[in-house]
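Q: Sending over a structure as structure tokens; questions will come in a sec.
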Amino acid sequence: MALYRASILNQMDCNRESKEGKAAQSTEERLDSGVDSLKEEEYQAVAEELHRLQLESEHHQQASARAEEPLQDWQTHSTDEGDTLLHLAIIHEAKDHIKRMIDLSRNTCFLNAQNDLRQTPLHLAVITNQPDVCCSLLASGCDPTLVDNNGDTPLHIACRHGNLPGFSVITQNCRLEHLNTAMAACNYNGQNCLHLASVHGFLSLVEKMVDLGADVNAKEQHNGRSSLHLAVDQQNLALVKLLLRKGADPNLLSSGGYTPFHLTYGLDNCDIQKELFPVTHPHLRELSESDNSGEESEESDVEGMYDDIQWNGH
């Protein structure tokens, strides 16, 4: 640590020697003042951070080198459906074989092999509800952001099926950037993980995701509905209350220009309307006249469209 501090001071001396006159003197005083104000604990923290970054860089380099190594023969075998031996072992829950193959394949592309449905071993571990396998795969360097034929990451699948153990393992064992990517990603139906958990009413997953940083106001890609819109659609009062408590915007408009309160019209659950009424802006509570008359005009158009059809001469 003393050497580290001395190197900083030597560098400052070089900077001072390059200056002349009063300007150099002013710079010298300013630099000396800044160095003297640092405490030994701060030097220690800087050194530890540099050491951590160096180790992380070396780890990534080793992982990249390992991933580029050619696969062994047993790692290249697959069925007609594209399942590798690891896929099959996970499907049949052959724990000993799973552990052995993962241990022999750390940080290799074998752990991210996708079958004909583009499912990785991690997808199958979530589907078969094997959180211990999920943990081993993530610890060995698999990629949790890869998607299957539906555009679902393993986290999407966990949220769709309410798989709390799988969800917990993924969120606790993958890197923060991977977690943020997986939570924000929309599948091919335009829904992210929070939307799926909301549609299926898994309140604990919704709460955990928002606490982990998921955007509570994120919109579906196809129609612009937020999780609060979806909760109203499902007439899930408990979810509506939870989302509002977690910061959901009740004045958010869908692609059609509707707030969650607009969606309460015609629903049986009046408690949801009572919950949303005080937090919805007054001018966003009532449906416009065009919306009310739209259904009538649409029905009249439908009736007039087929007045020239003849059946048995009539």
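All of the numbers you see were taken from the coordinates with simple rules; none came from a lab. What you see is a predicted model; the values in this text were computed from it and never measured. When we count neighbours, we look across all protein chains shown, and the Cβ atoms used for this are built from the backbone with ideal geometry, even at glycine.
Q: Quick one: of K208/K274; K99/K219; K219/K274, which pairs are farther than 30 Å apart, Cα to Cα? Walk me through the intermediate numbers first.
A: Details: K208/K274 26 Å; K99/K219 40 Å; K219/K274 23 Å.
Going by Cα-Cα distance, K99/K219 fall outside the 30 Å limit.
Q: With an 8 Å cut-off on Cα pairs and a minimum separation of 6 or more residues, tell me the relative contact order of segment 80-213 in percent. Show your work: numbers first, answer last.
A: Numbers: 190 pairs, mean separation 25.4, N = 134.
This gives 19 percent for segment 80-213.
Q: Still on this structure, please answer the following. Could you give me the ³J(HN,Hα) list for segment 204-214, computed from phi with Karplus coefficients 6.51, -1.76, 1.60 and θ = phi - 60°, whole Hz, x at Gly and Pro?
A: Whole-Hz 3J(HN,Hα) from phi for segment 204-214: 5, 5, 4, 5, 5, 5, 5, 5, 7, x, 5.
Q: Tabulate in residue order the Karplus-calculated ³J(HN,Hα) for segment 180-193, using 6.51 cos²θ - 1.76 cosθ + 1.60 with θ = phi - 60°, rounded to whole Hz; enter x for Gly and Pro.
A: 4, 5, 5, 5, 7, 5, 9, 6, 6, 9, x, 10, 9, 4
Q: Multiplying the sequence separation of D96 and L71 by 0.36 nm and subtracting their Cα-Cα distance, what value in nm do you get? Don't skip to the end; give the middle numbers.
A: On the way: separation 25, 0.36 × 25 = 9.00 nm, distance 2.07 nm.
Contour length minus the Cα-Cα distance gives 6.9 nm.
Q: Further question on the same structure: Assign one of three labels to segment 216-288, namely rounded, prolate or oblate, based on the Cα gyration tensor with a ≥ b ≥ c the square roots of its eigenvalues; rounded applies when a/c is under 1.5, prolate when it is not and a/b is larger than b/c, and oblate otherwise. Could the numbers behind the result be given before it?
A: Working: a/c = 1.32, a/b = 1.07, b/c = 1.23.
Taking the square roots of the gyration eigenvalues as a ≥ b ≥ c, segment 216-288 is rounded.
Q: Related question: Per 0.36 nm of contour for each residue apart, how much would the distance between L237 and H222 grow if the chain were fully extended, relative to their Cα-Cα spacing?
A: Working: separation 15, 0.36 × 15 = 5.40 nm, distance 2.42 nm.
Gain on extension, L237 to H222, equals 3.0 nm.
Q: In segment 80-213, if the dipole is taken from +1 on Lys/Arg beta carbons and -1 on Asp/Glu beta carbons about the Cα centre, which of I98, A182, T84 is farthest to the positive end?
A: So the residue furthest toward the plus end is A182.
Q: What ³J(HN,Hα) values, in whole Hz, does the Karplus curve 6.51 cos²θ - 1.76 cosθ + 1.60 give for segment 219-227 when θ = phi - 60°, with x put for Gly and Pro?
A: 9, 4, 6, 7, 10, x, 7, 8, 4
Q: Can I ask one more? About its Cα centre, how strong a charge dipole does segment 80-213 have in debye, to the nearest 20, once Lys and Arg get +1 and Asp and Glu get -1 at the Cβ?
A: Working: 8 positive and 14 negative charges, 56 e Å.
My answer is approximately 280 debye.
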